[in-house]
1. Of all residues in segment 159-188, count the ones that are of a type outside the set (Ser, Thr, Tyr) and not in a loop (DSSP other than H, G, I, E, B).
2. Give me the pairs: first residue in segment 196-217 and surrounded by fewer than 19 Cβ atoms within 10 Å (Cβ to Cβ), second residue among the polar types (S, T, N, Q), beta-carbon distance under 6 Å, and six or more apart or on different chains, which are they?
3. Here are some residues: Val262, Val275. Which one is among the β-branched types (Val, Ile, Thr), in the same structural domain as Arg186 (by TED's automatic domain parsing) and at pLDDT 95 or above?
4. Considering every residue within segment 213-224, establish whether at least one is modelled with pLDDT of 95 or more, touching a Gly at 6+ places or on another chain (Cβ under 8 Å) and closer than 24 Å to Thr116 by Cα.
5. Could you list all residues from segment 151-187 that are of a type in the set (Val, Ile, Thr) and either within 19 Å of Leu62 (Cα to Cα) or not assigned by TED's automatic domain parsing to the domain that holds Ala95 (or both)?
6. Here is a check on your reading of the model: is Ala191 touching a Phe, Trp or Tyr at 6+ places or on another chain (Cβ under 8 Å) and either modelled with pLDDT under 95 or not in a loop (DSSP other than H, G, I, E, B) (or both)?
7. Can you name the residue in segment 212-268 that is among the aromatic types (Phe, Trp, Tyr) and within 24 Å of the chain's Cα centre (by Cα) and, of all such residues, is farthest from Leu281 (Cα to Cα)?
Amino acid sequence: MAQFSYKSPPTLEESLKILEEHPTSRIFAGGTDLLVKLRDGVIKPDLVVDIKNIPGLNEIRLDDNGTLWIGSLTTHREVSHSTIIKDLYPILAQASGTVGSQQIRNKGTIGGNICTCSPCADTLPVLTVLSAKLHIENPGGKRILPVEEFYVGPQKTVLTHSEILTYIEIPAIKGNPKGSYLRMGRRTAVAIAMVTCAALRVEDSETPSGYRFRIALGSVAPTIVRAKTAEEFLNNLKEFTPDDFQHAGDLALKDVSPITDVRTTKEYRNDMVSVLVKRCLNQF
């Protein structure tokens, strides 16, 4: 491991200033991804900036408008065990509860999972169907982005070097939301997902059936993708049958572009996209 300096600033403002002054520095939050890259020599920063002491970034709260706020330093264990999240959006608690091992969940943060931006990240498909917004601070101010505008490629985001993701905002979702999340891996635990699927159904009087759907898929394209072709099909149906859910699963293939890698083949991923979409829909 290459040598580097270490700082642990007590405030967000100081952290941002240090990042701006050190263009090759790296942020340390949970460290579950960073420490591996440091050990393997993948990255060689001159400075590691530990942001864990910034107050308020590990909280989970619900405001008076029903908006859910999750600090970026909140660990996966805290997300998966949060009574607020399990009551409102259990699929998010479920997704965080599948990340890595128990040790990883105890240290790894939801902000880190977002910023690492792996196509197989468990929380990203769920945050996508929940229409989450990301609050980002920089030395010049603040910006807020829909999560779908944050990721631009495998492990690539719009985040600049001197910016810090501070909060995940999930605006109140009307219409009695029901969600489902499924992942396919070689094992049921401690396995990188080969395919993931998150689906959300809300009541909507403007659709023929009275329901509107959102579906997001992971590990089947360079970034998380919305299965918009399947969504459009479902949102225009007057009623649903098992055959319709199977057809929606088949239509989801129009929006994915899987590859063959060390975990599985593109053909298997295509098959699993159809299967997982159908299974998610059947859970409603």
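The values are calculated or read from the model by the stated rules, or taken from the named source; none is laboratory data. Just so it is clear, the structure is predicted and the values come from calculations on it, not from any experiment. Heads up, the Cβs are rebuilt from the backbone with ideal geometry, glycines too, and the neighbour counts pull from every protein chain shown.
1. To start, the set of residues in segment 159-188 that are of a type outside the set (Ser, Thr, Tyr) comprises 159, 161, 163-165, 168-179, 182-187.
Now drop any that are not not in a loop (DSSP other than H, G, I, E, B), which leaves 164-165, 168-170, 178-179, 182-184.
So the count comes out to 10.
2. Glu203/Asn176; Thr207/Asn235; Arg212/Asn235
3. Details: Val262 fails: at pLDDT 95 or above.
Criteria check complete, one pass: Val275.
4. yes
5. Let us first name the residues in segment 151-187 that are of a type in the set (Val, Ile, Thr), namely 152, 157-158, 160, 164, 166, 168, 170, 173.
Of everything in segment 151-187, those that are of a type in the set (Val, Ile, Thr) and either within 19 Å of Leu62 (Cα to Cα) or not assigned by TED's automatic domain parsing to the domain that holds Ala95 (or both) turn out to be Thr166, Ile168, Ile170, Ile173.
6. Values: touching a Phe, Trp or Tyr at 6+ places or on another chain (Cβ under 8 Å): no; either modelled with pLDDT under 95 or not in a loop (DSSP other than H, G, I, E, B) (or both): yes.
Answer is no for this residue.
7. Residues of segment 212-268 among the aromatic types (Phe, Trp, Tyr): 213, 233, 240, 245, 268.
Now restrict to residues that are within 24 Å of the chain's Cα centre (by Cα): 213, 268.
Values: Phe213: 9, Tyr268: 20 Å.
Applying the filter and picking the extreme gives Tyr268.
Table: residues versus (1) surrounded by 15 or more Cβ atoms within 10 Å (Cβ to Cβ); (2) under 15 Å from the mean Cα position of the chain (by Cα); (3) more than 17 Å from Val126 (Cα to Cα).
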residue: Gly31; (1), (2), (3): yes, no, yes
residue: Asn65; (1), (2), (3): no, no, yes
residue: Asn106; (1), (2), (3): no, no, yes
residue: Thr109; (1), (2), (3): yes, yes, no
